[in-house]
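To keep things clear, I will list the structure first and then write my remarks on it.
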Amino acid sequence: MKVNGTPEPVRRFLNSKMGFILVALITILANPSCTLEAETPDSTSQTTSAASESASLDPGTNRQQQIVAAQETVLATIYRNSLASVVHIQVTRRGSSSTMQTPYDSPLRLGSGSGFVWDQQGHIVTNYHVVAEARDISIQFADGTDVVAEVIGGDPDSDLAVLRVSMPEDRLYPLQLGTSETLRVGQLAVAIGNPFGQEFTMNSGIVSGLGRSIRGGTSPYTIPKVIQTDAPINPGDSGGPLLDRTGRVIGINTQIITRSGASSGIGLSIPVDLVKRIVPSLITDGVYTYPWLGVSGVSVRGQLAEALGLPRDTRGTLIIETIPDGPAQLAGLQGASGVKRLQDIDYPVGGDLITAINGVPVNQIEDLIVYLIEETVPGDSVTVSITRENESLDLQVLLQPRQRVVP
């Protein structure tokens with residue numbers, strides 16, 4: 001089998017080499033007197049030359065150069081192993097008549113993004129917003145191969161889509177998937193994509209934040225446990241992989257926070273553990289069905305707790321609204337009934353405060369969303385623990401399939 005753009009025997013060699021580099025780097029950091037050495041046919045002359053060069057360098061400078069060289073080798077290896085797996089996606093959409101300023105203007109709009117090979121059956125994973133409403137889709141590989149693709153599944157709620165191309169298996173090199181559950185702030189993060197159409201660009205940085213929440217580009221629903229990175233992400237990088245130091249996928253780049261339209265150091269990636277949950281359903285069924293509680297809510301803390309007449313350190317999720325005939329409303333959960341002004345800010349009051357689901361504490365609304373996605377399916381009955389007018393209650397809620405919102 002071939003993965004990461006390299007046949008398996010060659011990959012094992014590269015991985016062992018990269019492992020040596022990382023171990024050597026750690027050794028250097030732990031032992032300032034240690035230097036990297038490699039055996040060569042003319043080891044005596046090269047050792048003498050290296051010793052002479054080292055003698056002319058400050059020891060601290062020499063160690064810094066070794067560390068930088070090791071980092072460069074790791075990054076170059078990641079790029080080399082991943083290049084054949086990353087794709088440039090170009091789409092054509094039909095524009096509206098309002099965008100045509102003259103009779104000679106084309107009614108078509110062009111767009112581009114990134115993606116990567118998921119398996120050897122021709123599946124390409126990208127962002128939903130990259131291919132939404134696309135009329136034609138073409139895929140370019142780093143070796144110059146250009147093929148037509150079709151959308152076989154899409155989920156606007158997670159901003160994920162799956163394309164399919166017709167290519168021989170031995171020309172498709174899936175990226176290895178890592179995990180986002182064990183990520184730590186400060187870990188190396190590498191983004192490969194096509195920013196502003198500049199094909200197959202690599203940028204590096206770190207994981208700079210975890211547990212962010214965003215909304216999909218065309219969906220009102222929240223994506224939880226999003227990864228924040230300072231690896232530069234720009235328009236055209238959407239749908240491309242975010243990789244760890246071993247070249248495994250830890251996220252899919254989807255959004256940036258910016259005032260200029262370009263990278264400002266806050267990039268956001270869909271966590272790969274969520275991707276692994278959703279993509280198989282997109283491949284087999286074309287859609288992913290989420291469990292649905294049928295509420296909108298907000299995390300309770302600080303001034304909102306005070307407005308509710310609760311201690312300031314109270315935590316939970318305040319129900320703002322229950323959807324008519326939705327699971328929560330049918331089970332008797334109640335949304336906010338009014339507002340209370342506190343320091344010139346209006347806060348919703350009167351709704352139920354969710355404190356746990358199936359006995360698992362809910363300290364913020366993200367806890368509720370994560371539990372529903374990771375631990376339940378439509379048709380499950382869950383116990384929702386609430387506080388209502390200083391009384392603790394447990395209500396049974398029968399989860400329904402999440403209502404689809406047409407973008």
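TYR290: aromatic (Phe, Trp, Tyr), crowded, with 16+ Cβ neighbours inside 10 Å and closer than 30 Å to VAL151 by Cβ, yes or no? Quick ask: steps written out before the conclusion?
Numbers: aromatic (Phe, Trp, Tyr): yes; crowded, with 16+ Cβ neighbours inside 10 Å: yes; closer than 30 Å to VAL151 by Cβ: yes.
Taking the combined requirement at face value, the residue satisfies it.
Is at least one residue of region 198-213 of a type in the set (Ser, Thr, Tyr), surrounded by fewer than 22 Cβ atoms within 10 Å (Cβ to Cβ) and within 19 Å of GLY261 (Cα to Cα)? Can you show your working first?
Step one: list which residues in region 198-213 are of a type in the set (Ser, Thr, Tyr), which gives 201, 204, 208, 213.
Remaining after also requiring surrounded by fewer than 22 Cβ atoms within 10 Å (Cβ to Cβ): 201, 204, 208, 213.
Next cut, within 19 Å of GLY261 (Cα to Cα) only: 201.
Within region 198-213 (the criterion being of a type in the set (Ser, Thr, Tyr), surrounded by fewer than 22 Cβ atoms within 10 Å (Cβ to Cβ) and within 19 Å of GLY261 (Cα to Cα)), the answer is yes, since at least one residue qualifies.
All of (1) modelled with pLDDT of 95 or more; (2) over 19 Å from the mean Cα position of the chain (by Cα) hold for ASP105 with one exception: (1).
Can you give me the number of residues within region 291-308 that are out of contact with any helix residue (DSSP H, G or I) (no Cβ under 6 Å at 6 or more places or on another chain) and closer than 14 Å to VAL382 by Cβ? Step through it out loud before you land on a result.
The first filter runs over region 291-308 and keeps only residues out of contact with any helix residue (DSSP H, G or I) (no Cβ under 6 Å at 6 or more places or on another chain), leaving 292, 296, 298, 300-308.
From the residues that got through so far, the ones that are closer than 14 Å to VAL382 by Cβ too are 292.
Of the residues in that region, 1 qualify.
Taking every residue in region 292-305 that is over 10 Å from GLY316 (Cα atoms) and of a type in the set (A, V, I, L, M) and pairing it with any residue that is surrounded by fewer than 24 Cβ atoms within 10 Å (Cβ to Cβ) and modelled with pLDDT under 90, at least 6 positions away or on another chain, the pairs with Cβ-Cβ distances below 7 Å are LEU304/TYR347. Being surrounded by fewer than 19 Cβ atoms within 10 Å (Cβ to Cβ), modelled with pLDDT of 90 or more and not in a loop (DSSP other than H, G, I, E, B) is a property that does not hold for ALA84. Pairs are defined by a Cβ separation below 7 Å, a sequence spacing of at least 6 or placement on different chains, a first member in region 391-405 that is without any contact (Cβ under 8 Å) to a residue 24 or more places away in the chain, and a second member that is surrounded by fewer than 18 Cβ atoms within 10 Å (Cβ to Cβ) and not in a loop (DSSP other than H, G, I, E, B); the pairs so defined are ASP394/THR383.
Of the residues THR179, THR145, the single one that is surrounded by fewer than 17 Cβ atoms within 10 Å (Cβ to Cβ), closer than 26 Å to TYR221 by Cα and in contact (Cβ under 8 Å) with a residue 24 or more places away in the chain is THR179.
Tally up the residues in region 156-181 that are assigned to a strand (DSSP E or B) and in the same structural domain as ASP143 (by TED's automatic domain parsing), please.
Residues of region 156-181 that are assigned to a strand (DSSP E or B), as a first pass: 160-165, 177.
Then drop every residue that is not in the same structural domain as ASP143 (by TED's automatic domain parsing), which leaves 160-165.
Count: 6.
Against the definition (assigned to a strand (DSSP E or B) and assigned by TED's automatic domain parsing to the domain that holds THR126), how does ILE214 come out, yes or no? No: the conditions fail for ILE214. For region 278-314, the set of residues classified as charged (D, E, K, R) and at pLDDT below 95 consists of ARG301, GLU306, ARG312, ASP313, listed by residue number.
Farther than 23 Å from ARG402 by Cβ, hydroxyl-bearing (Ser, Thr, Tyr) and surrounded by fewer than 23 Cβ atoms within 10 Å (Cβ to Cβ), is that true of THR258?
Values: farther than 23 Å from ARG402 by Cβ: yes; hydroxyl-bearing (Ser, Thr, Tyr): yes; surrounded by fewer than 23 Cβ atoms within 10 Å (Cβ to Cβ): yes.
Against the criterion (farther than 23 Å from ARG402 by Cβ, hydroxyl-bearing (Ser, Thr, Tyr) and surrounded by fewer than 23 Cβ atoms within 10 Å (Cβ to Cβ)), THR258 qualifies.
The values are calculated or read from the model by the stated rules, or taken from the named source; none is laboratory data. Every value quoted in this text rests on a predicted model; they were computed, and no experiment measured them. A quick note on method: Cβ atoms are made from the backbone with ideal geometry, for glycine too, and the neighbour counts reach across all protein chains shown.
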